[in-house]
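The values are calculated or read from the model by the stated rules, or taken from the named source; none is laboratory data. Keep in mind the model is a prediction, meaning the values are calculated, not measured. Glycine also receives a Cβ, built like all others from the backbone with ideal geometry; neighbour counts cover every protein chain displayed. Areas reflect the complete protein model, heavy atoms only, side chains present, ligands, DNA and RNA absent. Shrake-Rupley method; radii C 1.70, N 1.55, O 1.52, S 1.80 Å.
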Amino acid sequence: PREDKLEGTALHLRVNAYMAMGRTQDAVNEVKKLVAAQGGGQANILFTMIGQMDDAFAKAKLKGDKEAMRQNSAAQVALITPLIEQTKDEAIKNKYKKWKAQLVLRAARNEDDLKRRSGYLTEAQGTFTELMKLSKEGDPEYDNLRYQLALVSYELKDYKKVQQEMGQLIADGKLGPPDLRETN
């Protein structure tokens, strides 16, 4: 009796053990099994793991361990998608999508493989574009999303898109007033 519940508990303990040992990818694989075995409803576990990986990323950054930073970033990107899918509240779901875009950007900036890096950047660009459609023009969040989109476009070498987005932000005075200096 209650075999599935016991199995879920065992998988949860295994995930925590892998995280404690610093074996992030093994933990991610176990979480995917846990979510599949219990048919979703594991948002709390996913959220906690992503937070733990943030801590692990910070430690790896202090040590200068690029490989651990890359692995943690990739694992966070892999885990946040099921978290978004399990969230029913649209406002929270949109916050998670923005969080995902930030995690994807971090993963891209830590990735050495150009093809994977480009894939991450394209995913972030799509997410920022989607979130802009949900936001109201003139809202500070909308302008922030436009700015982020322009930065991602720059990294993708889509200079026409950068010119459109940054040009409009500058023209509207959204990036602050010009810095005029007079020297004598």
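Residues that are open to solvent by less than 60 Å² (accessible area, probe 1.4 Å) and not in a helix (DSSP H, G or I) within the stretch 114-138 comprise Ser135, Gly138, listed in sequence order. Within the stretch 59-86, the residues that satisfy the criterion of being assigned to a helix (DSSP H, G or I) and open to solvent by 50 Å² or more (accessible area, probe 1.4 Å) are Lys59, Lys61, Leu62, Lys63, Lys66, Glu67, Arg70, Gln71, Glu85. Here is the figure for the stretch 157-184: residues that are in a loop (DSSP other than H, G, I, E, B) and open to solvent by 50 Å² or more (accessible area, probe 1.4 Å) total 13. Here Gly126 passes the criteria (1) under 16 Å from the mean Cα position of the chain (by Cα); (2) at pLDDT below 85; (3) of a type in the set (Gly, Ala, Ser) except the one numbered (2). In the stretch 70-98, the residues that are under 29 Å from Arg23 (Cβ atoms) form Cβ pairs under 7 Å with partners that are of a type in the set (Gly, Ala, Ser) and in a loop (DSSP other than H, G, I, E, B), at six or more places apart or across chains, as follows: Gln86/Gly40; Gln86/Gly41.
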